Each structure stands twice: as C-alpha cells, then as structure tokens.
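**Student:** Okay, handing you the structure first.
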Amino acid sequence: MSDCLFCKIAAGEIPADIVFEDEQVVAFKDIYPKAAVHLLLIPRQHIVSLDELEPAHDALIAHMIRLLPKLAKDQGLDDGYRTIVNTGPGGGQEIFHLHLHLLGGGRLPGFG
Ligand code: 5GP
Ligand code: ZN
C-alpha cells in the first residue's frame, strides 16, 4: 500500500525509533506515547486489521504474539505490560495497518 504510513515505516521510507525488526515484523516507539513504554508491533505485510486475518496469517500472528514478552523484557518491563489491538473506527483504530500496542512502565490508567 503506497499511501500507508506503517508500510512506509516498515520500508524505511519514514523514520521511526525502531527497537526490533526481522523479516516478518517491525517494532517501533509510538510517536505519542501513552505510557513510559509504548511500542507498536506491525507485520511488514500490509494487513488492514484483525478483520482481514486469514488462516494463511496464523504463523505470522503467532510470531507477533510470542515476540511481545521479549519486547517487554528488552524495555525493562519486568513487572508486566498491556497489549491493545484497536479494530475499525468503532474500536478507535486510526492507522489502518494492523498493529499491536505494547504499553507499560509506571502506573497505567484504569481500563474502561
Ligand atoms: P490506533 O489508534 O490506530 O490503534 O493507533 C495508532 C498509533 O499510531 C497511535 O498510538 C499514534 O500515536 C501512532 N502514530 C501515528 N502516527 C505515527 C507516526 O508517524 N510514527 C509513530 N511512531 N507512531 C505514530
Ligand atoms: Zn500498510
């Protein structure tokens, strides 16, 4: 997707504070952090949201989920962390390229 912000970050066309990357995914710091640590983990492949997932994505999604503990530990989040996935306008999604939020550090706000 040529006009997708997160595709451009994954391609290195727009700068981001990248903390981890491999052939399948990129993790970088959220530009407007909502916690002391706020990372976004994206697939390099343009997938709009959870709604577009298919069985062919299963290994990719498992890889992403299993990366979260490592990313959290690397950020010093030894006490735990929160993961959020917003889906669609009704779910508060603003960037339409699938991303997992990883937040932690200090006191997180109450939920809901
Ligand atoms: P959403 O609301 O779609 O779940 O989350 C999108 C996230 O992307 C927001 O937390 C927002 O702060 C972050 N974001 C938006 N634009 C940029 C950007 O250009 N760079 C980075 N690193 N994060 C961004
Ligand atoms: Zn994209």
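The values are calculated or read from the model by the stated rules, or taken from the named source; none is laboratory data. Just so we're clear, the structure is a prediction, and the values are computed from it rather than from any experiment. For neighbour counting, all protein chains shown are included, and Cβ atoms are generated from backbone atoms with ideal geometry for every residue, glycine included. Only protein heavy atoms, including side chains, enter the accessible area calculation; ligands, DNA and RNA are left aside. Shrake-Rupley method; radii C 1.70, N 1.55, O 1.52, S 1.80 Å.
**Student:** Under the Kirkwood approximation for Rh and a Cα-based Rg, what ratio Rg/Rh is obtained for the chain? Please list the in-between numbers first.
**Tutor:** Values: Rg = 13.6 Å, Rh = 14.5 Å.
My calculation of the ratio gives 0.94.
**Student:** Another question, if that's okay. Divide by every residue of the chain the summed helix terms, -39500 (n - 2.57) for each DSSP H run of at least 4, and state the resulting mean residue ellipticity at 222 nm, rounded to the nearest 500 deg cm²/dmol. Could you put the intermediate results ahead of the total?
**Tutor:** On the way: 2 runs with 23 residues, N = 112.
That calculation yields -6500 deg cm²/dmol at 222 nm.
**Student:** Tell me the angle of helix 58-74 to the major Cα principal axis of the chain, expressed in degrees between 0 and 90 and rounded to the nearest ten.
**Tutor:** 30
**Student:** Can you figure out the FRET efficiency of Leu108 with Ile14, using R₀ = 22 Å and their beta-carbon distance, to the nearest 0.05?
**Tutor:** Details: r = 28 Å, r/R0 = 1.27.
So, using R0 = 22 Å, E works out to roughly 0.20.
**Student:** Right, another one. Dipole of the chain, Cα-centred, from +1 at each Lys and Arg C-beta and -1 at each Asp and Glu C-beta, to the nearest 20 debye? Please list the in-between numbers first.
**Tutor:** Working: 9 positive and 15 negative charges, 84 e Å.
Once rounded to the nearest 20, the dipole reads 400 debye.
**Student:** So, in nm, how far is label Ala36 from label Val48 when the simple model puts each one 7 Å beyond its Cα toward the Cβ?
**Tutor:** For Ala36 paired with Val48, the spin-label model returns 3.9 nm.
**Student:** Another question, then. Along Cα→Cβ, 7 Å out, is where each label goes; now give me the distance between the ones at Asp3 and Glu21 in nm to one decimal.
**Tutor:** My value for the distance between the label points is 2.4 nm.
**Student:** Whole number in Å², please: accessible area per residue of the chain, 1.4 Å probe, ligands, DNA and RNA not counted. If you can, show how the numbers build up before the last one.
**Tutor:** Values: 6770 Å² over 112 residues.
With all protein chains present, the chain gives 60 Å² per residue.
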